[in-house]
Amino acid sequence: MIEESFIPKKYSNSVENGSFTWSSPSNIALVKYWGKKEHQIPENPSISFTLNNCKTITTVGFSKKENHDSYSFEVFLDDEKKDDFKPKIETFFKRVEVYLPFLKAYHFKIETSNTFPHSSGIASSASGMSALALCLMSIEKLIIESDEAMSAEESALSNEHFIQKASFLARLGSGSACRSLEGDLVVWGKHEAISGSSDLFGVKYPNEVHSHFKNYQDTILLVDKGEKQVSSTVGHNLMHGHPFAQQRFKQANTNLTNMVTILKDGDLDAFIALVESEALTLHAMMMTSMPYFILMKPNTLEIINKIWSYRKRIGSKVSFTLDAGANVHVLYPESEATSVLEFIQNELVAYCQNGQYICDVIGLGASKL
Ligand code: DP6
């Protein structure tokens, strides 16, 4: 699929070199994206909280090169050369080249680091791909603004277009990455109740949100820090021909419709039920696909049961969600920040690998450094 509106007017690459740095956060889906069509188009719309502390910081340095036949770039993670990251970035470059025609004209040095522990099992693709897309957008903006042949009108990239195209590009790197640019809630995927929503990029949630959801807390319990058992590509493919696929995509649409009311009314009990059901449904999809997977670990279940009994005992509004792995995201309102953290430390940390957990809160998205 070629999306004409994101193909820039022909420009001359008059900028010799430069560098840009962006910081971009991870996000946690409340209604999950699981299953995609060709060209990174989601089978159903999703909504996520943008995180604040789990971030990737990426600097892209660029310098003009003679030969325009192929891509030229090097990648560093925490100052260490990472050639094993190159194939993913090369695939990304190929997908986005039609939208960023300068990619073969420069050599790029991509330097990246994460605020969360490497191999913590936390997906760095959302924060990583969104940070990279934003750096590339900053380069394009500079090239366009420096092109004397362009009129002022042609070279003025509106902020809205900048963010939208960055999200569009990030999606082509990793679907969930398109939800990391803004905050504190982002929708990706066309849905009738959310104006401006699109399959092509994430949009800031435009509807009313009750104060209960302001500064919502997310403490991530690191149950299993190992390599992902199922890569996202393999995972999404499991939904092709899955016996429950169509029902699941319909359910996600309905859940998003219901989420609109929940967010407006501040109905925390309904929020808990919807978010936990989404998490378990995601895992149920994996357990009922062919081949099948169980991505939860015994400690994941221990934690879930502890959360349920604490909620019953205290009347707390704490809940959990899961990614495609064993780690647990513990979600709770700011009003319970102290009590739930105490509960986590007293009762849940024992189930974390090396006692590790990360305290986060919902945030406002990416920023240029
Ligand atoms: C379970 O965005 O990692 O976290 O598009 O193949 O890169 P690709 O997949 P990815 O899938 C994330 C799936 C999920 C749910 C979600 O974040 O919505």
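The values are calculated or read from the model by the stated rules, or taken from the named source; none is laboratory data. Quick caveat: nothing in here was measured; it's all calculated off a predicted structure. Backbone-built Cβ (ideal geometry, glycine too); neighbour counts: all protein chains shown. These area figures cover heavy atoms from the full protein model, side chains too; ligands, DNA and RNA do not enter into them. Shrake-Rupley method; radii C 1.70, N 1.55, O 1.52, S 1.80 Å.
So here's what we get for this one:
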| item | result |
| --- | --- |
| Tally of residues being surrounded by 14 or more Cβ atoms within 10 Å (Cβ to Cβ) and free of Cβ contacts under 8 Å to residues at least 12 places away in the same chain across the range 65-82 | 1 |
| Within the range 30-64, tally of residues that are open to solvent by less than 10 Å² (accessible area, probe 1.4 Å) and under 26 Å from residue 283 (Cα atoms) | 14 |
| Some residue of the range 296-318 being under 16 Å from residue 223 (Cβ atoms) and within 16 Å of the ligand (Cβ to nearest atom) | yes |
| Residue list for the range 251-301, filter: open to solvent by 40 Å² or more (accessible area, probe 1.4 Å), touching a residue at least 60 places away in the same chain (Cβ under 8 Å) and either among the polar types (S, T, N, Q) or part of a helix (DSSP H, G or I) (or both) | 253, 257, 299 |
| Scope the range 306-346; condition part of a helix (DSSP H, G or I) and closer than 15 Å to residue 51 by Cα; matching residues | 334 |
| So residue 272, is it over 30 Å from residue 117 (Cβ atoms) and of a type in the set (Val, Ile, Thr) | no |
| Residue ranges of strands (runs of 3 or more DSSP E) in the range 1-114 with at least 2 members small (Gly, Ala, Ser) and closer than 22 Å to residue 363 by Cβ | 17-31, 46-64 |
| Filter result (touching a strand residue (DSSP E or B) at 6+ places or on another chain (Cβ under 6 Å) and of a type in the set (Asp, Glu)) within the range 44-77 | 74 |
| Residue within the range 125-139 that is within 16 Å of the ligand (Cβ to nearest atom), within 18 Å of residue 202 (Cα to Cα) and surrounded by fewer than 23 Cβ atoms within 10 Å (Cβ to Cβ) present | yes |
| Residue, nearest to residue 204 (Cα to Cα), within the range 8-45, restricted to residues that are touching an Asp or Glu at 6+ places or on another chain (Cβ under 8 Å) and modelled with pLDDT under 95 | 8 |
